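Structure, as structure tokens:
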Amino acid sequence: MYPHRKIEKKWQRIWQDGQVYRSCTGSKKPKYYILDMFPYPSGAGLHVGHVTGYTATDILARYKRTTGYEVLHPMGWDSFGLPAEQYAIRTNTHPQVTTEKNIATYRRQLQSLGFSYDWSREVTTSSPDYYKWTQWLFTKLYEKGLAYEAHIPVNFCPAMGTVLANEEVEEGKSKEGGFPVERRPLRQWVLKITEYAERLLEDLVELDWPENLKRLQENWIGKSEGCYIDFPVLDSGQNVRAFTTRADTIFGVSYLALAPEHPLLVEITSFASRASVDDYRQISLRKSDLQRKESKEKTGVFTGAFAEHPFTKAPIPIWVADYVLADYGSGSVMGVPAGDDRDFAFAKSHNIPILPIYQPQQTACPDELDWEEFEQGVLAGKICYTKEGTLINSSHNGFSLDGLSTSAAKCAVARELEKRQSGAKALHYKLRDWLFSRQRYWGEPIPILHFPDGTKRCLEKDELPLMPPFLEDFSPSKEGKSPLQGVPSWLHIHDLKTGKNAERETNTMPQWAGSCWYYLRFLDPHNEQEPWSLEAEKYWMPVDLYVGGSEHAVLHLLYARFWHKVFYDLGLVHTKEPFRVYRNQGLVTARSYRKKSGGYVAAEEVEKLEGEYLHRNTKEPIFTQIEKMSKSKLNGVSPDEILEEYGADTLRLYEMFMGPFQKDKVWNKEAVSGCYRCLSRFYQGVFSDKICAVAAPKATRLAHRLAHLVRQDIESMQFNTAVAHFMTFLNEFLPLPAYPREALLMAVQALYPFAPHIASEMWEHLGGEGSLSFAPLFPVDPMQLQEMELTYVVQINGRLRANLHLPKDASKEEVLAKAKELENIQKHLIREIKKVIFVPNKLLNIVLEKEGS
């Protein structure tokens, strides 16, 4: 075994004292900007799930330096926001104190893992020298007309005294703390992200991102092409304007539904229906948009009003229904129960007529239904038909869609509407303007002054940063008032620039604000005159590789892209997009233990008796499941305990060996020791008396093959198979009678990005030239790679499922790891693996457990 504690302390001290990984703006080398999604420094510290992404980017950063790149690999802290404030309230500690303490813990943990960050560029979003520029950038959006105030219905959490974004609400409760959330109309600051909707969609094409993440952004923006259709309200003189993407279904309209927030409701609701409509509106407005969209029960109340069908002139009942959202389309829906699942459910619940308008296609018949039964059900209005087909029952007074296809009918209705009402064609987006204010203390104050006459002005650069007052009591108000409103000496000022009395804005920015642009501050973090210099931006941007969790694939990335496009329009950046390549790591999951009575039990309190998990003391049954690591589930594993027992290099190696980088993986502490043994064997070989200066054909071939395969895998981020190559190399190299020094140096260099401490120690012992951190890669001789690839047959339970082209003499572990990455193999791994049969250079047969065993 090797002395990991001594070795790791030695090399971490060398790297930190010498600022070895400090990057140089304007270097003549090609640049490579690799970025981690910077963490929120919680009180729990890092767990081993966080380490996966950080290790992967560090491997690439170290590798790129050895290939001649000037690498920017920075780290900072997303330290403003609701979690810090809530923790501070619970512990009766100022958030500044807890944040600084948590950052120190995170920094220590990251440094103890040997990550090659340029710590001279460290940023903290809650530091005045950082948020000065967040505030200044907000003023640029304001000056461009992209920031405005509005009274709008918002998600309000009384327990936390602040509004929440839709993404911060789950099943009617706050994700942070699980408190009830209701809808309230409040004065808010909003950013016009909708003005950039089309560009945010169009420019996705340019990005090297996983396709599923692009689709998430596309769906969130939700571009829809359709028509406006006006329905005159009888005896009113008003029109209900509905937006639809299915103008072909116009003859199937049997009701209109308005959102509870629709401004026409008050005017058109009959006297008899007013009380029930008002009650329904109040109940609906307390629900989040997500609850309203996803509720299976389609509730509503009849307003007592009717509208006129624009073609048939028939009276159509107008309902209020909370499945209709005010901020999509025009806040109204033309109900077509025969052709829309939600409308069908609503009509069935409220006995509204269902008017069949399509002759269905037989190919649309579900497998579980007989075609004749399906056709009759559709034609009788008993089955909702949402597919394409041929129009029926769709004609009136000389205008007919009967016999037309869906696309032809859409065009026909659009043309007719253009004749009857101007501006019928419309383009809509699901994307809403960004709610940008919070009623809490721990956030960037919004740099706006309000004057008694209703006017306002932005603070100028020389007035920033606008710092909040130090508050002993920063508890939120249940009425939605910011804690800053309770500080008259800070709130009321005499504005020297205008000579007027003024009030400061008391809402603060959301946590997203600081993370929208942090990648740009890393370029020039000590610049006191501007957020970044154009020289630094020109050299480093765009980010070449951004790595983070898929849970941020929509909001953070969308908001950052929006701000970046504004900066591009202002001439502050030269690229249209900030992140050229994005990759997300899979989750590291762990076993959680749930008590039958509720709550979680720590692993050390669990024992297994006769196939069941029981609480050690109470013997109460405990149910186990694999879940994302978290403090609340008592399944988070701190890297500190692994570092003490096995060292940073072992943890790094195991994190990469667990499975494909982008896939979810299950943590297994017992398996960590295998990587420790692997490194120990390598170390003992290097420090043995078998080192020689004479080259040997087999040793040379093994070293060149290892270097070639590992470099390939690093470039493609297939880190698990790279680790498997090391294990194969050791199994074949260590039994040799002598270890040629040049072959070992080549192998040590291949190991270095994964396990930099032990590799640096071995490089030094072998007399490697210069610093291993920047040593040019040994050239791989193509002649040493000839006749190295074979076709391996992969079977599952003896049946051929795939062929793999892999190096000759690949190990069972390497072949199995590559096989598990194949989609055709993954879909057949429906049960636990019982055993693996391996015939070298020929075959791998995966034998699964029998069903029910």
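The values are calculated or read from the model by the stated rules, or taken from the named source; none is laboratory data. Keep in mind the model is a prediction, meaning the values are calculated, not measured. Note that each Cβ is placed from the backbone with ideal geometry, even for glycine, and that neighbours are counted across all protein chains shown. Calculation scope for accessible area: heavy atoms of the full protein, side chains included, ligands and nucleic acids excluded. Shrake-Rupley method; radii C 1.70, N 1.55, O 1.52, S 1.80 Å.
Around residue 665, which amide H atoms from residues at least 5 apart in sequence, or from another chain, sit under 5 Å from its own amide H, with H modelled in the peptide plane?
587, 588, 589
What FRET efficiency comes out for residue 297 versus residue 165 if R0 is 35 angstrom and r is the Cβ-Cβ distance? Round to the nearest 0.05.
0.90
Can you report the principal axis dimensions of region 535-578 using only the alpha carbons, biggest first, rounded to whole angstrom?
Principal-axis extents of the Cα atoms in region 535-578, largest first: 32, 19, 11 Å.
With label points built 7 Å along Cα→Cβ from the Cα atoms of residue 493 and residue 574, find their separation and express it in nm.
The answer from the label model is 3.7 nm.
Can you tell me how much longer the chain between residue 595 and residue 764 gets when fully stretched, taken as 0.36 nm per residue apart minus their C-alpha distance, in nm with one decimal?
55.6 nm
Where the centroid of each part is defined by its Cα atoms, how far is region 760-801 from region 583-597 in Å?
Between the Cα centres of region 760-801 and region 583-597 lies a distance of 34 Å.
Antiparallel as a % of all DSSP beta bridges within region 465-590, to the nearest 5?
Among the beta bridges of region 465-590, antiparallel pairing accounts for roughly 50 percent.
Taking the Cα centre of each part, how many Å lie between region 48-110 and region 227-242?
The distance from the Cα centre of region 48-110 to that of region 227-242 comes to 55 Å.
From a point 7 Å beyond the Cα of residue 19 in the direction of its Cβ, which residues of region 75-96 have a backbone N at a distance under 14 Å?
none
Carbon and sulfur atoms: what percent of the 1.4 Å accessible area of region 570-686 do they account for?
It is 48 percent, rounded to a whole number.
Hey, which lysines would be in cross-link range of residue 608, C-alpha to C-alpha under 21 Å, not counting anything within fewer than 8 residues on its own chain?
Leaving aside lysines fewer than 8 places away in the same chain, those within reach of residue 608 are 595, 596, 619, 633, 669.
If I model a spin label as a point 7 Å beyond the Cα along the Cα-Cβ vector, how far apart are those points for residue 150 and residue 455 in nm?
The two pseudo-label positions are separated by 2.5 nm.
Before I look further, what does region 475-524 give for accessible area per residue, probe 1.4 Å, in whole square angstrom?
Heavy-atom accessible area per residue stands at 40 Å².
Run the count for region 278-355, please: Lys pairs, Cα-Cα under 16 angstrom, 8 or more apart or on different chains.
Lysine pairs meeting the criterion: 4.
Report, to the nearest 10°, how far helix 274-285 tilts away from the longest principal axis of the Cα atoms in the chain, using its own Cα long axis and a range of 0 to 90°.
Orientation of helix 274-285: about 10 degrees from the principal axis.
Report the gain in length on full extension from residue 387 to residue 234: 0.36 nm times residue separation, minus Cα-Cα distance, nm rounded to one decimal.
That pair, residue 387 and residue 234, stretches by 51.8 nm at full extension.
Which of the three applies to region 562-619, rounded, prolate or oblate, going by the alpha-carbon gyration tensor with a ≥ b ≥ c and a/c under 1.5 meaning rounded?
prolate
With all distinct Cα pairs included, what does the Kirkwood hydrodynamic radius of region 449-500 come out to in Å, to one decimal, could you say?
That comes to 13.0 Å for region 449-500.
Any idea of the accessible area per residue across region 795-853, 1.4 Å probe, to the nearest Å²?
Ligands and nucleic acids excluded, the result is 62 Å² per residue.
Please provide three numbers in whole Å: the alpha-carbon extents of region 498-538 along the principal axes, with the largest listed first.
Computed over the Cα atoms, the extents are 42, 27, 15 Å.
Nearest 10 degrees, 0 to 90: what angle lies between the long axis of helix 719-733 and the longest principal axis of the chain (Cα atoms)?
For helix 719-733, the angle is close to 20 degrees.
Taking a threshold of 27 Å on the Cα-Cα distance, which of the pairs 175/481; 64/835; 101/478 fall above it?
In this structure, 64/835; 101/478 exceed 27 Å between Cα atoms.
At q = 0.14, 0.24 Å⁻¹, what is the log10 ratio I(q)/I(0) for region 144-230, with the Debye formula run over Cα points and no solvent?
At q = 0.14, 0.24 Å⁻¹ the computed log10 ratios are -0.76, -1.08.
How high is the relative contact order of region 634-687, given as a whole-number percent (alpha carbon pairs under 8 Å, six or more residues apart)?
Computed value for region 634-687: 32 percent relative contact order.
Semi-axes of region 756-849's equivalent ellipsoid from the Cα gyration tensor, sqrt of 5 times each eigenvalue, largest first, rounded to whole Å?
Sorted largest first and rounded, they come to 36, 17, 11 Å.
What FRET efficiency comes out for residue 44 versus residue 327 if R0 is 41 angstrom and r is the Cβ-Cβ distance? Round to the nearest 0.05.
Efficiency, from the Cβ-Cβ distance: 0.70.
Per residue, how much accessible surface does region 120-252 expose to a 1.4 Å probe? Answer in Å², no decimals.
On a per-residue basis, region 120-252 sits at 40 Å².
Expressed as a rounded percentage, what relative contact order does the chain have, with Cα pairs under 8 Å and six or more residues apart?
Relative contact order here is 14 percent.
Tell me, what is a quarter of the convex hull surface for the C-alpha atoms of region 467-524, in nm² with one decimal?
Computed as one quarter of the Cα hull surface, the answer is 6.3 nm².
Work out how much length residue 624 to residue 527 would gain on full extension: take 0.36 nm times their residue separation and subtract the Cα-Cα distance, in nm to one decimal.
Contour length minus Cα-Cα distance gives 29.8 nm.
Roughly to the nearest percent, how much of the accessible area of region 320-474 is carbon and sulfur, given a 1.4 Å probe?
Exposed carbon and sulfur together represent 48 percent of the surface.
Round to a whole number: what % of the accessible area of region 1-114 belongs to carbon and sulfur, probe 1.4 Å?
51
Check each of the GluC sites (Glu not before Pro) in region 242-331 and keep only those in coil by DSSP with at most 12 other C-beta atoms within 10 angstrom; list them in order.
Answer by residue number: 297.
At a Förster distance of 60 Å, what's the computed FRET efficiency of residue 407 paired with residue 850, Cβ-Cβ distance as r, to 0.05?
My answer for the efficiency is 0.70.
If one takes the longest principal axis of the Cα atoms in the chain, at what angle in degrees, from 0 to 90 and to the nearest 10, does the Cα axis of helix 697-715 lie?
20
For region 472-525 and region 393-455, what is the separation of their C-alpha centers, rounded to whole Å?
Going from one Cα centre to the other spans 33 Å.
Using a ≥ b ≥ c from the Cα gyration tensor of region 491-563 (square roots of the eigenvalues), is it rounded, prolate or oblate, where a/c under 1.5 gives rounded and otherwise the larger of a/b and b/c decides, a/b for prolate?
It comes out oblate by the Cα gyration axes.
Could you tell me the ratio Rg/Rh of region 7-126? Both radii from Cα atoms, Rh via Kirkwood.
1.02
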